[in-house]
1. Looking at the stretch 75-106 only, could you name the residues that are without any contact (Cβ under 8 Å) to a residue 24 or more places away in the chain and either within 17 Å of Phe135 (Cα to Cα) or charged (D, E, K, R) (or both)?
2. Among the residues of the stretch 47-58, are any at pLDDT below 90, farther than 30 Å from Arg159 by Cβ and either of a type in the set (S, T, N, Q) or over 21 Å from the mean Cα position of the chain (by Cα) (or both)?
3. Which one of these is under 21 Å from Pro93 (Cβ atoms), modelled with pLDDT under 90 and out of contact with any strand residue (DSSP E or B) (no Cβ under 9 Å at 6 or more places or on another chain): Val192, Val162?
4. How many residues does the stretch 113-155 contain that are closer than 15 Å to Pro71 by Cβ, more than 15 Å from the chain's Cα centre (by Cα) and among the hydrophobic types (A, V, I, L, M, F, W, C)?
5. Tell me the residue from Leu168, Leu196, Leu158 that is without any contact (Cβ under 8 Å) to a residue 60 or more places away in the chain, surrounded by 14 or more Cβ atoms within 10 Å (Cβ to Cβ) and of a type outside the set (Ser, Thr, Tyr), please.
6. Can you tell me which of (1) at pLDDT 90 or above; (2) buried (at least 16 other Cβ atoms within 10 Å of the Cβ); (3) assigned by TED's automatic domain parsing to the domain that holds Ala167 is the one Phe77 doesn't meet?
7. If Ala30 satisfies every condition in (1) loosely packed, with under 14 Cβ neighbours inside 10 Å; (2) part of a helix (DSSP H, G or I); (3) not hydroxyl-bearing (Ser, Thr, Tyr); (4) not assigned by TED's automatic domain parsing to the domain that holds Thr171 but one, which is the exception?
8. Inspect all residues belonging to the stretch 88-107 and state whether any of them is at pLDDT below 85, surrounded by fewer than 17 Cβ atoms within 10 Å (Cβ to Cβ) and touching a Lys or Arg at 6+ places or on another chain (Cβ under 9 Å).
Amino acid sequence: MGMAGSGDVPAAGLRERKKAETRQALRKAAARLFREQGFARTTVADIVEAAGVSPRTFFRYFASKEDLLLPDLAEFFDRLEAELAGRPRAEPPLPALREAMLAVLQDGPRSTLVALVHPLEGTEEAVTDRLVHAFMRREERFAELLADRVPPGPDADLRASVAAMAALSATRAVIRTVRQRRRTAEVPVGAVARLLPTAFAVLAEPGAQA
């Protein structure tokens, strides 16, 4: 039993490494094809041929080629949830979510941020759609995480939902602003983290409470 158990760990590790390598191969192949022939002209068949895997293997990792535009988006939001859950309980909703977001922007998956701020030509609309849908899917979860940070009362659930939606909308506004500025000047990816506190400050301005 002891020998079999000790052999299970390396085998499991090997499987996970193989999965990671396959996922990375698909990401690299897709990124290269998107650059060379455009997103619209690239098919799943093109991607699997370039990566040297079967279509069946592709769909074990990604539901569509659109998923490869923001391949680490789920990890990005998972990290954000974890950071938010770890913030001090006495911290108000918006500051807590702002600091959690800044932490993920600093140390989280960079490929997602690059794709959001510097989308490949012809992919901006698709990238934006996926981001919006991802935010919508996560709004309820973030509202739950903020629920114990709002003042108690009959409308506490509403306050938490508004805070979550406002914070995520502010983040989207920052990304859109950086993209717009890139049309006339060189803007680094780090501009998102620099502008985020300003966007959250707008939410706290007196006029925003009207």
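1. Asp78, Ala82, Glu83, Arg87, Glu99, Ala100
2. Taking the stretch 47-58 as the starting set, the residues that turn out to be at pLDDT below 90 are none.
Checked against the condition, which is being at pLDDT below 90, farther than 30 Å from Arg159 by Cβ and either of a type in the set (S, T, N, Q) or over 21 Å from the mean Cα position of the chain (by Cα) (or both), the stretch 47-58 yields no hits at all.
3. Numbers: Val162 fails: modelled with pLDDT under 90.
Selected residue: Val192, the only one of Val192, Val162 that is under 21 Å from Pro93 (Cβ atoms), modelled with pLDDT under 90 and out of contact with any strand residue (DSSP E or B) (no Cβ under 9 Å at 6 or more places or on another chain).
4. Qualifying residue count for the region: 1.
5. On the way: Leu196 fails: without any contact (Cβ under 8 Å) to a residue 60 or more places away in the chain; Leu158 fails: surrounded by 14 or more Cβ atoms within 10 Å (Cβ to Cβ).
Criteria check complete, one pass: Leu168.
6. Of everything listed in (1) at pLDDT 90 or above; (2) buried (at least 16 other Cβ atoms within 10 Å of the Cβ); (3) assigned by TED's automatic domain parsing to the domain that holds Ala167, Phe77 misses just condition (1).
7. So the condition that Ala30 fails would be (1).
8. Taking every residue of the stretch 88-107 in turn, at least one turns out to be at pLDDT below 85, surrounded by fewer than 17 Cβ atoms within 10 Å (Cβ to Cβ) and touching a Lys or Arg at 6+ places or on another chain (Cβ under 9 Å).
The values are calculated or read from the model by the stated rules, or taken from the named source; none is laboratory data. All values derive from a computational prediction rather than experimental measurement. Neighbour counts run over all protein chains shown; Cβ positions are idealised from the backbone, glycine included.
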